[in-house]
Structures are given as structure tokens and as C-alpha cells.
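Presented below is the structure to which this report refers.
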Amino acid sequence: MFTPEQAELTMKLKGEPETVAEIAGRIGMDEADLAEKLAQLSKDGLIFHITEDGVRKYQAFQFLVGLYE
């Protein structure tokens with residue numbers, strides 16, 4: 001389901017929506033690289049995203065038994 005890199009990034013996401021800039025600042029990652037990775041995770045259905053006022057925000061799905069194993 002997740003590659004080790006995807007799992008590590010997903011575990012750094014919060015349970016509430018954040019912008020790419022907020023996440024990048026918190027985890028110390030380049031915004032452009034992070035935006036690409038988050039978009040792919042979202043496309044693959046591994047994380048959740050919403051768009052508020054034209055700004056895309058990402059968050060980890062709520063914990064489900066078996067999802068992150």
C-alpha cells in the first residue's frame with residue numbers, strides 16, 4: 001500500500017487539514033517537492049485532501065486498524 005518513504009511522510013501529517021506551506025515549514029521539506037509527493041499520495045487514495053478558498057489542504061486519514069501496517 002505505502003512505500004517506506006510514503007509511510008514516513010504520511011505519519012508526519014496531522015489529523016486536520018494543512019496547506020503545503022504549513023506542512024513544509026513544520027517538517028523542514030522543500031514546498032515544491034512536498035506538493036508533488038502529497039498530490040500523488042492523494043491521487044493514490046492514501047491521504048485526504050480538500051480545497052478551501054482555492055487552497056489545497058492535506059491531512060492523514062483517521063487511524064484505521066490495518067491501514068498503516
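The values are calculated or read from the model by the stated rules, or taken from the named source; none is laboratory data. Being a predicted model, the structure only gives us computed values, none of them experimental. All Cβ positions, glycine included, derive from the backbone under ideal geometry; neighbour counts span all protein chains shown. SASA here: full protein model, heavy atoms, side chains in, ligands and nucleic acids out. Shrake-Rupley method; radii C 1.70, N 1.55, O 1.52, S 1.80 Å.
For first residues located in segment 15-39 and in a loop (DSSP other than H, G, I, E, B) and open to solvent by 30 Å² or more (accessible area, probe 1.4 Å), partners that are small (Gly, Ala, Ser) and modelled with pLDDT of 95 or more and lie 6+ apart or on another chain with Cβ distances below 8 Å form the pairs Asp30/Ala24. Among the residues of segment 1-14, the ones that are free of Cβ contacts under 8 Å to residues at least 40 places away in the same chain and surrounded by fewer than 17 Cβ atoms within 10 Å (Cβ to Cβ) come to 5 in all. Of all residues in segment 40-69, which are closer than 16 Å to Gln6 by Cα, modelled with pLDDT of 90 or more and surrounded by 13 or more Cβ atoms within 10 Å (Cβ to Cβ)? Correct list: Leu41, Ser42, Leu46, Ile47, Phe48, His49, Tyr58, Gln59, Ala60.
The requirement of being modelled with pLDDT under 95 and on the phi < 0 side of the Ramachandran plot is fulfilled somewhere in segment 16-23, by at least one residue. Applying the selection to segment 40-65, what residues are assigned to a loop (DSSP other than H, G, I, E, B) and of a type in the set (D, E, K, R)? Those that are assigned to a loop (DSSP other than H, G, I, E, B) and of a type in the set (D, E, K, R): Asp44, Asp53.
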